[in-house]
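Student: Handing you a structure now.
The values are calculated or read from the model by the stated rules, or taken from the named source; none is laboratory data. Source: prediction; values computed, not measured. Every residue, glycine as well, gets a Cβ built from its backbone with ideal geometry; the counts of neighbours run over all protein chains shown. SASA here: full protein model, heavy atoms, side chains in, ligands and nucleic acids out. Shrake-Rupley method; radii C 1.70, N 1.55, O 1.52, S 1.80 Å.
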Amino acid sequence: MIDFFGTLTESSLGQVNGLTITATLGVLLVSMAIWSVSRPSRFPPGPRGLPIVGSIYDMTDSPEVVFGKWAKKYGDIFGLKMGQRWMVVLNRKDLIKEAVIKQDVEFAGRPDFYSSELYTDGFKDVIFSTYSDTWKLHRKLGHTALRHFATGKPVQKLISSVYPKVEKELAENDGKPIDPRLLLTLIMSNVLSQMCFGKSYALHDPRVKQWMQLNDEFNNKFGLGLAADFFSWAKCVPTSGLRMIKDFKAGMEKFIKSELAQHRQKAYDPDNISDFYSMLLKAQEDAKREGENVDKLTDEHILQTISDIFGAGTQTTVDTLYWAFALMSENPAIQKKVQAEIDSVVGLDRVPTIEDRGTLPYTEATLYEVMRYSTIAPIALPHSTMCDTKISDCIIPKGAIVIINIHSMHFEPQEWDDPDSFKPEHFLDEAGTVRQHPPSFMPFGAGRRSCLGEAVAKADLFLIFSWFLQNYTFSKVPGKESESLINLIPKTAAGRLLKPYEIVISERRK
């Protein structure tokens, strides 16, 4: 009896222990699920999302499309959970400017995404690293370099040096359909390589083509980032996304390192600083001699900073001009009006110069409208809060991801008459003067995290666009006049990128 009851008691205890463990696990799972969707105090309203994963599976379209729908439901500021991370989205000019201008330091951080950490050797760059003394030093160096080597007459000289190569290329393809993306990439690669390395390329240099192909593949496939950006445990899981980032980084570094090695051996002269890399090397030597900022000017920091200037400077300008050529082909009446203004002011005997800005209002307005209508970066690179921050009666906790919805500014019906139409008049006042700073226009960001190369990009765009329109006409391929060139690559977080297209680029004055 004793043995029997003893055995029975042990069995019962085992069952009880099993039930207790199961119940405990169940309670823990339920608690984790509730905790994962419980909002911080005074956090902005927004979609609840699913336990654990948050709203990741709600991102069924391009971010600006999804965020636009949520803004209509929750308001101009809303918050959500993406995996383990809290995210706040800001829409329309008032909230966005309150954050990036009035509270620029509080919103100057960058999220510590695992993908960015991998790509930048542990955040040694300018674009993805957070607000810090190192970041401020490299941004200052970049700003100084751009001011010296890529504004005014220097940028005019850099771009003009590429024109003969372009003329030869287009003469060989006169009247033939051409995808202008490669041509534009080669133009900008020449301009940026001369500025960064003091070197130019042949228009069909295979290394530049390879760089373009890598970059396009990365932008088209990377999407919304890695799982490891939103789930810490995913860092330990090998995925195709991780491999893609590592392969892309290796390809980019191979290209940049090759140029830097050649430059350091053959062209570096500390007494004759003529390009960006030489300036960085000089700053590194000065730091070592003075014993200051040595840890902020390592070879890895220099590589990342110059990669930022070269890569970002090429990509954004190419994407904008690619849109411009398509829009001119789609709108021949606007194209003719731009050409007539250039003919009247600049004429045929010289190329357009920086000094022509201000005398070509319709041309400038057309370029600004290209930037607004294309909005190639509809969602700015994500910010993060440096501390607990109040905005619009909401509290955004320190380290939260902050998304700036530029698209909401550029297509706001209350700010733009018929925003879905391409109209250069959006940037002209009643007197025909250019509206350079409309309140709901921010293609280069603002505040501490504004685009480092804004002045350079504007100069490049004006000089290249006006020169092309002075000398060439863009038109659709014969037989395909009814087909639209404005076809977006769907569901991409890399920007509003156009699908590849072909046009005919014809010389105006044969």
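Student: Here is the link list: LYS176/LYS476; LYS157/LYS337; LYS199/LYS266; LYS168/LYS510. Which ones come out longer than 18 Å on Cα distance? Could the numbers behind the result be given before it?
Tutor: Numbers: LYS176/LYS476 11 Å; LYS157/LYS337 27 Å; LYS199/LYS266 11 Å; LYS168/LYS510 14 Å.
Beyond 18 Å between Cα atoms: LYS157/LYS337.
Student: Leaving out ligands and nucleic acids, and using a 1.4 Å probe, what accessible area per residue does the chain come to in Å²?
Tutor: On the way: 23840 Å² over 510 residues.
Solvent-accessible surface per residue comes out at 47 Å².
Student: Still on this structure, please answer the following. Each residue of the stretch 473-487 in turn: what ³J(HN,Hα) in whole Hz from Karplus with 6.51, -1.76, 1.60 and θ = phi - 60°, glycine and Pro shown as x?
Tutor: Coupling constants for the stretch 473-487: 10, 9, 8, 6, 5, x, x, 10, 4, 7, 8, 6, 8, 8, 10 Hz.
Student: Can you give the helix-only mean residue ellipticity at 222 nm for the chain, where every DSSP H stretch with n ≥ 4 adds -39500 (n - 2.57) and the sum goes over all residues, rounded to the nearest 500 deg cm²/dmol?
Tutor: Details: 16 runs with 254 residues, N = 510.
Helix-only estimate at 222 nm: -16500 deg cm²/dmol.
Student: What span do the alpha-carbon atoms of the stretch 364-450 cover on each of the three principal axes, reported in whole Å from largest to smallest?
Tutor: 46, 23, 21
Student: Oh, and also: Take the Cα of ASP418, step 7 Å along the line toward its Cβ, and report every residue of the stretch 313-343 whose backbone nitrogen sits under 16 Å from that point.
Tutor: Output list for this probe position: 331-335.
Student: What FRET efficiency do you get for GLN84 and LYS288 if R0 is 45 Å and r is their Cβ-Cβ distance, rounded to the nearest 0.05? Can you show the working numbers first?
Tutor: Numbers: r = 41 Å, r/R0 = 0.91.
In this case the efficiency is close to 0.65.
Student: Let's see if you can work this out: charge +1 on each Lys and Arg Cβ, -1 on each Asp and Glu Cβ, no other charges. What is the dipole magnitude of the stretch 226-340 about its Cα centre, in debye to the nearest 20? All intermediate terms of the calculation are to be shown ahead of the outcome.
Tutor: Details: 14 positive and 17 negative charges, 93 e Å.
Dipole size: approximately 440 debye.
Student: Given the options LEU192, HIS410, PHE441, identify the residue whose Cα lies farthest towards the positive end of the charge dipole of the chain (+1 on Cβ of Lys, Arg; -1 on Cβ of Asp, Glu).
Tutor: LEU192
Student: Ranked from highest to lowest mean number of other Cβ atoms within 10 Å per residue, what is the order of the peptides 104-112, 176-184? Don't jump to the answer; show the numbers that get you there.
Tutor: Details: 104-112: 20.1, 176-184: 17.8.
Peptide ranking by packing, descending: 104-112, 176-184.
Student: Within the stretch 289-305, name every residue whose backbone N is under 20 Å away from a label modeled 7 Å from Cα of ASP112 along the Cβ vector.
Tutor: 296, 301, by backbone N distance to the label point.
Student: Provide THR353, THR130, THR120 ordered by accessible surface of protein heavy atoms (probe 1.4 Å), highest first. Could the numbers behind the result be given before it?
Tutor: Working: THR353 30, THR130 55, THR120 0 Å².
Largest accessible area first, the list is THR130, THR353, THR120.
Student: Would you work out if the stretch 175-333 is rounded, prolate or oblate? Take a ≥ b ≥ c from the square roots of the eigenvalues of the alpha-carbon gyration tensor; rounded if a/c is under 1.5, else prolate when a/b is larger than b/c, oblate otherwise.
Tutor: Working: a/c = 2.27, a/b = 1.19, b/c = 1.91.
In terms of gyration-tensor shape, oblate.
Student: Return, ordered by residue number, the residues of the stretch 181-206 whose backbone nitrogen is under 19 Å from a label point located 7 Å along Cα→Cβ of ASP269.
Tutor: Counting only backbone N, you get 194-200.
Student: Oh, and also: State, to one decimal in nm, how far the label point of ASP61 lies from the label point of HIS143, with both points 7 Å from Cα in the Cβ direction.
Tutor: 3.9
Student: Amide H neighbours of MET82 under 5 Å, at least 5 residues apart or on other chains, H built in the peptide plane: list them.
Tutor: SER55, MET87
Student: For the residue pair VAL105 and ASP133, what label-to-label distance in nm results when each label sits 7 Å from Cα along the Cα-to-beta-carbon direction?
Tutor: Inter-label distance under the simple model: 1.5 nm.
Student: By how many nm would the segment from GLU300 to LYS510 grow when fully extended, if each residue of separation counts as 0.36 nm and the alpha-carbon distance is taken off?
Tutor: Numbers: separation 210, 0.36 × 210 = 75.60 nm, distance 5.04 nm.
Separation in residues times 0.36 nm, less the Cα-Cα distance, equals 70.6 nm.
Student: In addition: Return the whole-Å distance between the Cα centroid of the stretch 432-510 and the Cα centroid of the stretch 365-421.
Tutor: 20
Student: Mind scanning LYS136/LYS257; LYS257/LYS288; LYS153/LYS249; LYS165/LYS254; LYS69/LYS423; LYS102/LYS124 and naming the pairs with a C-alpha gap bigger than 30 Å?
Tutor: On the way: LYS136/LYS257 24 Å; LYS257/LYS288 22 Å; LYS153/LYS249 34 Å; LYS165/LYS254 26 Å; LYS69/LYS423 25 Å; LYS102/LYS124 27 Å.
LYS153/LYS249, as the Cα separations exceed 30 Å there.
Student: How high is the FRET efficiency between LYS254 and ALA431 when r is their beta carbon distance and R₀ equals 56 Å, given to the nearest 0.05? Kindly include the intermediate steps, with their values, before the conclusion.
Tutor: Details: r = 53 Å, r/R0 = 0.94.
In this case the efficiency is close to 0.60.
Student: Related question: Rounded to the nearest 0.05, what FRET efficiency do ASP343 and GLN213 give with R0 = 41 Å and r taken as the Cβ-Cβ distance? Could you check? The partial results should precede the final answer.
Tutor: Working: r = 37 Å, r/R0 = 0.91.
Once rounded, the FRET efficiency stands at 0.65.
Student: On to the next question. For the stretch 142-192 and the stretch 280-322, compute the distance between their C-alpha centroids and round to whole Å.
Tutor: Each part reduced to its Cα centre gives a spacing of 22 Å.
Student: If you don't mind, another one. Based only on Cα atoms, what mean projected area does the convex hull of the chain have, in nm²? Walk me through the numbers on the way to the answer.
Tutor: Numbers: hull surface 129.9 nm².
Across all orientations, the chain yields a mean hull projection of 32.5 nm².
Student: Something else now. Could you list, bin by bin from short to long, the percent of Cα-Cα pairs of the stretch 143-208 in 10 Å steps?
Tutor: 20, 49, 24, 6, 0
Student: Let me ask something additional. Over the chain, with every protein chain in place, what whole percent of the accessible area is carbon and sulfur at 1.4 Å, could you tell me? Present the calculation step by step, with values, prior to reporting the outcome.
Tutor: Working: 13210 of 23840 Å².
Summing carbon and sulfur atoms, their accessible area is 55 percent of the total for the chain.
Student: Report for the chain the percent antiparallel among DSSP-assigned beta bridges with both residues inside it, nearest 5.
Tutor: 85
Student: Roll a 1.4 Å probe over the protein heavy atoms and report the accessible area of GLU341 in Å², nearest 10.
Tutor: Counting only protein heavy atoms, GLU341 exposes about 30 Å² to solvent.
Student: Any chance you could give the angle, 0 to 90 degrees and rounded to 10, that helix 332-345 forms with the longest Cα principal axis of the chain?
Tutor: Between helix and principal axis, roughly 50 degrees.
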